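Working notes, structure below.
The values are calculated or read from the model by the stated rules, or taken from the named source; none is laboratory data. Keep in mind it's a predicted model, so treat the numbers as computed, not measured. Using ideal geometry, Cβ is built from the backbone for each residue, glycine included, and neighbour counts are taken over all protein chains shown.
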Amino acid sequence: MKSSDLFVKALENEGVKYIYGIPGEENLDLLNSLKDSTIELIITRHEQAAGFMAATYGRLTGHPGVCLSTLGPGATNFVTAAAYAQLGAMPMMMIGGQKPIRKSKQGRFQIVDVVNLMRPITKFSEQIVDGNNVPSTIREAFRLAIEERPGAVYIELPEDIADEQTDASLFDVVGHQRPLADANAVSQAVQMIQEAKMPLLLIGAGANRKATRQALTEFIDKTGIYFFNTQMGKGVIDERHPKFLGTAALSANDFLHCAIDRADLIINIGHDVIEKPPFFMEKGGKKVIHINFFPARIDDVYFPQLNVVGDISHSIEAITETINIPQSADYSYYETVREEVNSHLTKYFEDDRFPMLPQRLVSILRSELDAEDIITLDNGIYKIWFARNYKCYSPNTLLLDNALATMGAGLPSAMIAKQLNPDKKVISVNGDGGFMMNSQELETAVRMGLNLVVIILNDNAYGMIKWKQEDMGFDNFGLDYGNPDFVAYANSFGAHGHRPENVDDFKRILQHTLNAPGVHVIDLPIDYSLNHSILNVMLKESACKI
């Protein structure tokens, strides 16, 4: 058969259901092979958005999402999405086209060495140079994309290779068992926890990819140890749990840091180097147990005294099975911190000023959504408020990016969240800057028939950088812009635009749009004026002195 036909059959063999992207001339053989396949091709309006969609598919399913581009400018548009998936540990496969490699009559027109361009930001980047190599290349790429630590892979299929004949056969898809932690390491972890006087449990990004919820909940319920999480560790355990302290949303001087400073042991579950630990280690200071699929990477602020390496769920279950309740531990201080944190976070939940405070928005969205409903965030100052104030009741119900932290991913990720979860309510929250970076995908969302709510936080500026600019003592310069009429803009794509006039109006519009068919865009004026007075307040002024 043709190599392009075999390529598609290899994708089907791996369980691929969708491909997102924009084909070009060099993909026409592959496009024709997809025509009669079980795989649905979803055309996007930009390759970057297709990459974000594929990465989010991988994040939510654990199976690589797949995206497609042509050569040169199409493939280079994948670069940001590749970094997004790679840093965020999201399994994703990118497929790019290329001019014929055996004989070319067009010189270097549009030719970029994309394979080498992708190597530093992927786990695997290869050009297929022979049709007989299609099955092994695809099987290896999928294996690597899924294997810990998950990430992005890139395959380039040149035009002439796609057209050539091959008699190669498919490879069986073979899974693998993750290794289990060494019994001696588990025993040492148990001893360190039982000897600690003020242990704390930290849930990181790595724990949010696996079925660790039950194991961690049982561990916390048995030991009574308090826990907190990083931004990408949110929702692994229901954050209504009485032992939940909060989310570390800032690098330093956040509300939680007084509790972290008092801890003599941090049990760090699923720590990922893309989210630096929200504590600074000193030699002779607090001890750290690193529980993950792979050993800790040592640097000046992270050098754990114990690595428990293996399947996270199994490691936690093994520790829980043998541990006794730490008799020497005293958690009264943590309870005081928890009360102080909750008091600070709920302070503006009922404030009805308009333009709306981000804290009020968080409060309203939490009250309107069920435990399994999903919010996706783009990147901006509002991400801190959602990380701190929005309590997640289930895993992957607040999709934010604290890895690459790129703008432009919020809308594409919401589209995939809705496609995969048609029975759940999905809201995409975007700053006006990030929204405009992939706003063209409103047409894609409409064409896909999605029922989706898109909220644009409108302040006519790059608000996060303005906050940093002011905080560092610089003059206000270079960060303001004008926006289109977002209501008319949404309507022009076949979506439905809305612009509330006050908080009650916003609540009415939100309730309507969450239950109405189609894509709905809400242009919401936002008030960030309290960022400095609140974000720069340290809880150390109160609870840490108790």
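Okay, here's what the table says:
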read-out: Count of the stretch 129-151 residues which are over 30 Å from the mean Cα position of the chain (by Cα) and either closer than 21 Å to GLY24 by Cβ or not assigned by TED's automatic domain parsing to the domain that holds ALA85 (or both); value: 3
read-out: Whichever residue in the stretch 371-417 is under 13 Å from the mean Cα position of the chain (by Cα) and of a type in the set (D, E, K, R) and, among such residues, is surrounded by the most Cβ atoms within 10 Å (Cβ to Cβ); value: ASP378
read-out: Test: residue in the stretch 51-62 that is of a type in the set (Val, Ile, Thr), buried (at least 24 other Cβ atoms within 10 Å of the Cβ) and either within 15 Å of the chain's Cα centre (by Cα) or over 25 Å from LEU442 (Cβ atoms) (or both); value: yes
read-out: Residue among LEU250, LEU256 that is under 18 Å from the mean Cα position of the chain (by Cα) and more than 23 Å from HIS314 (Cβ to Cβ); value: LEU250
read-out: So LEU420, is it surrounded by fewer than 23 Cβ atoms within 10 Å (Cβ to Cβ), in contact (Cβ under 8 Å) with a residue 40 or more places away in the chain and not assigned by TED's automatic domain parsing to the domain that holds ALA296; value: yes
read-out: Only listed residue being within 18 Å of TYR528 (Cβ to Cβ) and either outside the structural domain of GLU239 (by TED's automatic domain parsing) or not hydroxyl-bearing (Ser, Thr, Tyr) (or both), chosen from TYR489, TYR462, TYR393; value: TYR462
read-out: Subset tally (residues that are in contact with a helix residue (DSSP H, G or I) (Cβ under 7 Å, 6 or more places away or on another chain) and assigned to a helix (DSSP H, G or I)) for the stretch 460-470; value: 2
read-out: Residue identified as outside the structural domain of LEU404 (by TED's automatic domain parsing), assigned to a loop (DSSP other than H, G, I, E, B) and closer than 23 Å to GLY434 by Cβ among MET90, MET53; value: MET90
read-out: Residue identified as of a type outside the set (Val, Ile, Thr), out of contact with any Pro (no Cβ under 9 Å at 6 or more places or on another chain) and at pLDDT 95 or above among LYS103, LYS17; value: LYS17
read-out: Residue count, the stretch 471-514 (criterion: aliphatic (A, V, I, L, M) and either in a loop (DSSP other than H, G, I, E, B) or exposed (fewer than 13 other Cβ atoms within 10 Å of the Cβ) (or both)); value: 4
